[in-house]
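Participant: Before we start, here is the structure in question, set down as structure tokens.
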Amino acid sequence: MMTVNPNAYFYRHNLPGEDTRLGEWAPHEIEHFVAVAKEFGAGDKWGLFASHVPHRVGYACSQIYRHKIIPNGLLLDDTFRVDERGRAVWVGKSRK
């Protein structure tokens with residue numbers, strides 16, 4: 001599956017033999033996430049994105065993006081707005 005559909009594989013798995021970290025993200029992990037997002041983009045194909053973030057899988061990257069990265073203004077994404085409670089809410093792509 002890793003070679004047939006890497007996006008789907010890395011959404012739930014790391015490389016064979018690489019441990020998966022669960023729970024809170026360390027500040028250095030968030031800094032690395034932001035650096036990877038600035039270089040490659042974020043918000044789509046979380047499995048492929050996660051292949052650049054050691055020890056984290058795609059769904060964890062998607063979650064931290066919505067729960068911490070966007071609400072704290074670490075990256076800007078016009079497909080989200082931050083509501084009155086400070087949560088990122090997907091609004092979709094703008095149509096021009």
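Participant: Take the stretch 1-28 and flag every residue that is in a helix (DSSP H, G or I) and surrounded by 17 or more Cβ atoms within 10 Å (Cβ to Cβ).
Facilitator: Initially, the stretch 1-28 is screened for residues in a helix (DSSP H, G or I), giving 6-12, 27-28.
Matches in the stretch 1-28: TYR9, PHE10, TYR11.
Participant: While we're looking at this one, here's another question. List the number of the failed condition for GLY73; all other conditions in (1) free of Cβ contacts under 8 Å to residues at least 24 places away in the same chain; (2) not in a loop (DSSP other than H, G, I, E, B) hold.
Facilitator: (2)
Participant: Here's something else I'd like to know. Consider ARG95 carefully, then state whether it is basic (Lys, Arg) and at pLDDT 95 or above. Reasoning before the result, please.
Facilitator: Numbers: basic (Lys, Arg): yes; at pLDDT 95 or above: no.
Here the answer is no, as ARG95 does not meet what is asked.
Participant: Need pairs with beta-carbon distance below 8 Å; first residue assigned to a strand (DSSP E or B) and within the stretch 83-96, second among the acidic types (Asp, Glu) and at pLDDT 95 or above; sequence gap 6+ or separate chains.
Facilitator: Going by the 8 Å Cβ cut-off, the qualifying pairs are VAL89/ASP83.
Participant: Follow-up. If I ask for residues that are modelled with pLDDT of 95 or more and small (Gly, Ala, Ser), which ones from the stretch 33-50 would you list?
Facilitator: ALA35, ALA37, GLY47, ALA50
Participant: Let me ask something additional. Out of the stretch 39-70, which residues are polar (S, T, N, Q) and either without any contact (Cβ under 8 Å) to a residue 12 or more places away in the chain or assigned to a helix (DSSP H, G or I) (or both)? Outline the logic, then answer.
Facilitator: Filtering the stretch 39-70 for residues polar (S, T, N, Q) gives 51, 62-63.
Scanning the stretch 39-70 gives SER62, GLN63.
Participant: Any residue at all in the stretch 62-75 that is surrounded by 10 or more Cβ atoms within 10 Å (Cβ to Cβ), of a type in the set (Ser, Thr, Tyr) and at pLDDT 95 or above? I'd like the intermediate steps shown before the answer.
Facilitator: Here is the first cut: in the stretch 62-75, the ones surrounded by 10 or more Cβ atoms within 10 Å (Cβ to Cβ) are 62-72, 74-75.
If we keep only those that are of a type in the set (Ser, Thr, Tyr) too, we end up with 62, 65.
If we keep only those that are at pLDDT 95 or above as well, we get 62, 65.
Taking every residue of the stretch 62-75 in turn, at least one turns out to be surrounded by 10 or more Cβ atoms within 10 Å (Cβ to Cβ), of a type in the set (Ser, Thr, Tyr) and at pLDDT 95 or above.
Participant: In the stretch 19-41, how many are small (Gly, Ala, Ser) and within 16 Å of LEU76 (Cβ to Cβ)?
Facilitator: Here is the first cut: in the stretch 19-41, the ones small (Gly, Ala, Ser) are 23, 26, 35, 37, 41.
Adding the requirement that they be within 16 Å of LEU76 (Cβ to Cβ) leaves 35, 37, 41.
So the answer is 3.
Participant: Only one of these conditions is not met by VAL36: (1) of a type in the set (A, V, I, L, M); (2) without any contact (Cβ under 8 Å) to a residue 24 or more places away in the chain; (3) assigned to a loop (DSSP other than H, G, I, E, B). Which number is it?
Facilitator: With (1) of a type in the set (A, V, I, L, M); (2) without any contact (Cβ under 8 Å) to a residue 24 or more places away in the chain; (3) assigned to a loop (DSSP other than H, G, I, E, B) applied to VAL36, the lone miss is (3).
The values are calculated or read from the model by the stated rules, or taken from the named source; none is laboratory data. What you see is a predicted model; the values in this text were computed from it and never measured. Cβ sites come from the backbone with ideal geometry, for glycine too, and all protein chains shown count toward neighbours.
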